[in-house]
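A short worksheet on the structure shown next.
Laboratory data are not the source of any read-out in this text; all were calculated from the coordinates shown. Owing to the predicted nature of the structure, the values given are computational and were not obtained by experimental measurement. Positions of Cβ are generated from backbone atoms using ideal geometry, with glycine treated the same way; all protein chains shown enter the neighbour counts.
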Amino acid sequence: MDVSASPSLPHLRAGTTPHGADERLLGELPLTVLVGVTGVGKSTALEALQKLGGQKVLPNRREVTDTVMIWPQVGRAVSDREERFALTAQYRAAHPGGMAQALGSLLADTRHWGLSPLFDGLRGLDEVRHAAQRFPAWRFVALGAPDAVRVRRLLGRGDAFDRVIETATGGELRARLDGLAGVSVVFSPAELDGLAALEGPDCAAAEVLSKVRIVLSERRHYDPAAAEAFLRGLPPGRALILDTDALNPAQVAQAVQDWA
């Protein structure tokens with residue numbers, strides 16, 4: 001598939017045809033790659049980094065996923081997060097490196113993107129390990145936050161993309177949360193009590209339940225702890241681990257700039 005025709009991936013195309021004079025495979029360039037699941041603060045960190053100037057930011061994970069993984073499978077846009085997880089899992093079955101494999105295979109016009117762009121982002125052990133082993137010039141910034149904090153951030157950011165189809169009525173939220181598969185592995189009873197208490201006039205029960213399901217789905221498909229553990233084993237010059245619950249976006253950006 002020639003992704004150069006897609007308006008969502010400007011100055012990028014599949015690397016299966018001869019290279020132009022100014023084109024390089026992203027797998028060969030010294031990318032800085034953000035690693036983390038939804039709600040850890042990648043977008044706000046990127047905004048803060050851009051204020052400091054420097055690297056060009058490539059189309060994000062969602063855009064690459066839509067163009068390279070989802071449209072070739074179903075020929076339509078998919079907004080439901082759990083359906084997207086299922087489709088990307090099918091892609092990974094054929095391409096074990098997942099997003100890392102898709103990204104590294106794209107040709108970039110370096111006149112537009114420069115020689116060391118930044119990408120948001122990779123998730124999970126398989127993607128991170130593939131990227132680290134196959135693309136030795138890539139460097140990784142892993143952002144993390146507690147899962148309950150991630151749910152609150154998803155509720156606060158109002159992104160229409162952060163949804164799964166869900167219904168719940170007032171008064172039953174705590175019981176519905178208890179009934180979610182795998183919830184006790186991810187959230188403590190106290191955390192679930194706190195999340196159930198968020199229900200109110202400005203926060204519908206269905207919204208809380210939807211965001212918790214997103215976090216659980218991501219934990220099933222992409223284990224952030226395993227990815228972070230792998231990155232901690234890399235040389236310090238290749239991986240930086242940051243806690244976005246302890247650092248504000250400006251501090252994250254400054255830490256990345258100092259490290260770079």
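A simple spin-label model places the labels of Gln73 and Ala86 1.0 nm from each other, with each point 7 Å out along Cα-to-Cβ.
Within the listed set Thr67, Thr16, Thr32, the residue fluctuating most in the Gaussian network model of the chain (springs between alpha-carbon atoms under 10 angstrom) is Thr16. Ordering Ala226, Val186, His95 by the projection of their Cα atoms onto the charge dipole of the chain, which places +1 on the Cβ of Lys and Arg and -1 on the Cβ of Asp and Glu, puts His95 at the extreme positive end. For region 19-68 versus region 212-245, the spacing of their alpha-carbon centroids is 17 Å. Kindly provide the helix-only [θ] at 222 nm of the chain, computed as the sum of -39,500 (n - 2.57) over DSSP H runs of four or more divided by all residues, to the nearest 500 deg cm²/dmol? One gets -13000 deg cm²/dmol as the mean residue ellipticity at 222 nm.
Roughly how many debye, to the nearest 20, is the charge dipole of the chain about its Cα centre, given +1 on each Lys and Arg Cβ, -1 on each Asp and Glu Cβ, and no other charges? Computed about the Cα centre, the dipole is about 500 debye. Charged neighbours of Ala148, selected by a Cβ distance under 11 Å, balance to 0 (K, R count +1; D, E count -1).
Cβ-Cβ distance of Asp245 and Ala181, R₀ of 41 Å, FRET efficiency by 1/(1 + (r/R0)^6): the value works out to about 0.95. Taking Gly98, Gly194, Gly15 as the candidate residues, the one with maximal mean-square fluctuation in a Gaussian network model of the chain, Cα springs under 10 Å, is Gly194. Each principal axis of the Cα cloud of the chain was taken in turn, and the coordinate range along them, longest first, works out to 63, 42, 31 Å. A Förster radius of 22 Å, combined with the Cβ-Cβ distance separating Ala14 from Gln257, puts the computed FRET efficiency at roughly 0.10.
Counted residue by residue at 0.36 nm each, then reduced by the alpha carbon distance between them, the extension gain from Arg220 to Leu234 reaches 2.6 nm. If R0 is taken as 25 Å, the Cβ-Cβ distance between Lys56 and Ala21 corresponds to a FRET efficiency of 0.85. DSSP bridge analysis restricted to the chain gives an antiparallel fraction near 35%, rounded to the nearest 5.
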